[in-house]
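Report on one structure; see the data block that follows.
The values are calculated or read from the model by the stated rules, or taken from the named source; none is laboratory data. Nothing here was measured: the structure is a model prediction, and the numbers come from that model. Cβ placement follows ideal geometry from the backbone for every residue including glycine, while neighbour counts extend to all protein chains displayed.
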């Protein structure tokens with residue numbers, strides 16, 4: 001369990017790297033963002049096309065429970081509560097439905113971008129899909145408007161959702177010094193809710209929000225892994241075809257992979273019982289890296305950077321205007337259920 005000094009519920013903290021890893025809660029509490037402020041940020045982002053770095057909204061909300069697993073099976077009722085609390089804390093709105101309506105339009109075709117790599121070992125994708133679909137349909141969206149990506153096909157039949165396109169767009173697009181074709185699903189959906197895992201990665205250092213988008217939405221990802229996937233991750237996510245559709249990131253950290261990722265195999269899987277939500281994928285990945293490092297340190301593994309060097313795609317993505325990677329620029333809210 002994390003150092004209790006670092007678990008200050010219902011607080012937003014400005015963090016330093018040393019303070020995070022020490023778990024000492026050294027930063028001053030600044031209070032939750034005023035109600036409705038983030039709602040206005042969401043609305044402004046939709047109408048003006050702003051990126052996360054354009055807004056003063058680098059807020060990361062982590063909601064955890066020690067009871068989300070019952071004999072290794074996810075409790076759907078508690079997972080739904082984690083999502084509700086995360087959405088309302090992030091948006092400053094009173095309930096789940098209001099929160100979703102500040103993020104999405106009712107006519108959106110909503111892509112839910114999951115990650116099939118490691119899903120079999122983690123065993124938390126199906127409950128996450130079911131929870132998000134139920135939350136959205138209860139809030140006014142038809143299940144046919146929801147397109148879960150990288151999930152078992154049987155789930156579409158079970159939940160009434162629409163399968164994703166599996167083709168590639170005909171024209172190559174340039175990003176940085178590279179060109180490639182993008183996934184046809186980007187023409188199918190009008191909005192993307194990114195639902196990554198939090199995992200160690202043996203090449204990039206870690207994988208969470210940014211890599212879950214970049215290397216899954218281009219046709220030839222294998223050639224983009226040298227130089228630790230940087231700057232390719234940021235270059236791809238910064239493409240308007242992707243960045244312009246991003247609405248929310250919901251990190252599935254019910255179980256995390258702390259070593260030998262991206263595969264998910266015991267004993268490298270740790271139960272965390274958490275969701276992390278935010279607008280800023282760089283900020284979420286930066287917090288995710290610190291979580292991985294803190295759990296690794298407790299397990300005697302050492303920090304990822306001590307073995308693999310700096311996770312270079314984070315500052316590169318920040319330089320592309322995708323968000324903030326400096327911890328003192330991130331408001332980190334933690335709640336426990």
So residue 155, is it touching a residue at least 40 places away in the same chain (Cβ under 8 Å) and closer than 21 Å to residue 76 by Cβ: no
Residue 219 vs. criteria under 16 Å from residue 314 (Cβ atoms) and either surrounded by fewer than 24 Cβ atoms within 10 Å (Cβ to Cβ) or in contact (Cβ under 8 Å) with a residue 12 or more places away in the chain (or both): no
Filtered residues of region 71-81 (kept if out of contact with any helix residue (DSSP H, G or I) (no Cβ under 9 Å at 6 or more places or on another chain) and more than 9 Å from residue 337 (Cβ to Cβ)): 71, 72, 77
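Please indicate, with yes or no, whether at least one residue in region 240-252 is at pLDDT below 95, in contact with a strand residue (DSSP E or B) (Cβ under 9 Å, 6 or more places away or on another chain) and either under 28 Å from residue 81 (Cβ atoms) or surrounded by fewer than 19 Cβ atoms within 10 Å (Cβ to Cβ) (or both).
Within region 240-252, none of the residues are at pLDDT below 95, in contact with a strand residue (DSSP E or B) (Cβ under 9 Å, 6 or more places away or on another chain) and either under 28 Å from residue 81 (Cβ atoms) or surrounded by fewer than 19 Cβ atoms within 10 Å (Cβ to Cβ) (or both).
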Test result for residue 20, modelled with pLDDT under 95, in contact with a strand residue (DSSP E or B) (Cβ under 9 Å, 6 or more places away or on another chain), under 19 Å from residue 243 (Cα atoms) and in a helix (DSSP H, G or I): no
Selection within region 53-74 - in contact with a strand residue (DSSP E or B) (Cβ under 7 Å, 6 or more places away or on another chain), over 20 Å from residue 146 (Cβ atoms) and surrounded by 16 or more Cβ atoms within 10 Å (Cβ to Cβ): 58, 59, 60, 61, 62, 63, 64, 65, 68, 69
Unique residue being within 29 Å of residue 273 (Cβ to Cβ), without any contact (Cβ under 8 Å) to a residue 24 or more places away in the chain, in contact with a helix residue (DSSP H, G or I) (Cβ under 8 Å, 6 or more places away or on another chain) and crowded, with 16+ Cβ neighbours inside 10 Å when the list is 137, 125: 137
Where residue 90 falls short, out of the listed (1) surrounded by 20 or more Cβ atoms within 10 Å (Cβ to Cβ); (2) over 16 Å from the mean Cα position of the chain (by Cα); (3) under 22 Å from residue 337 (Cα atoms): (2)
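One line per residue, one yes/no per condition, for (1) in contact with a helix residue (DSSP H, G or I) (Cβ under 6 Å, 6 or more places away or on another chain); (2) at pLDDT 95 or above; (3) assigned to a loop (DSSP other than H, G, I, E, B):
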{"position": "275", "(1), (2), (3)": "yes, yes, no"}
{"position": "284", "(1), (2), (3)": "yes, yes, no"}
{"position": "288", "(1), (2), (3)": "no, yes, no"}
{"position": "297", "(1), (2), (3)": "no, yes, no"}
{"position": "305", "(1), (2), (3)": "no, yes, no"}
{"position": "317", "(1), (2), (3)": "yes, yes, no"}
{"position": "322", "(1), (2), (3)": "yes, yes, yes"}
{"position": "334", "(1), (2), (3)": "no, yes, no"}
Selection from region 87-102 of residues that are over 21 Å from residue 252 (Cα atoms) and assigned to a helix (DSSP H, G or I): 98, 101, 102
Among residues of region 253-273, those that are in contact with a strand residue (DSSP E or B) (Cβ under 6 Å, 6 or more places away or on another chain), more than 13 Å from residue 120 (Cα to Cα) and assigned to a loop (DSSP other than H, G, I, E, B), counted: 4
Pairs with Cβ under 9 Å, 6+ apart, first in region 161-179 and on the phi > 0 side of the Ramachandran plot and modelled with pLDDT under 95, second surrounded by 15 or more Cβ atoms within 10 Å (Cβ to Cβ) and outside any strand (DSSP E or B): 176/231; 176/232; 176/234; 176/235; 176/236
Residues located in region 143-153, provided they are in contact with a helix residue (DSSP H, G or I) (Cβ under 9 Å, 6 or more places away or on another chain) and more than 11 Å from residue 108 (Cβ to Cβ): 143, 148, 149, 150, 151, 152
Meets criteria (at pLDDT 95 or above, over 16 Å from the mean Cα position of the chain (by Cα) and buried (at least 17 other Cβ atoms within 10 Å of the Cβ)) for residue 77: no
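For region 284-329, how many residues are more than 15 Å from the chain's Cα centre (by Cα) and either on the phi < 0 side of the Ramachandran plot or touching a residue at least 40 places away in the same chain (Cβ under 8 Å) (or both)?
Count: 29.
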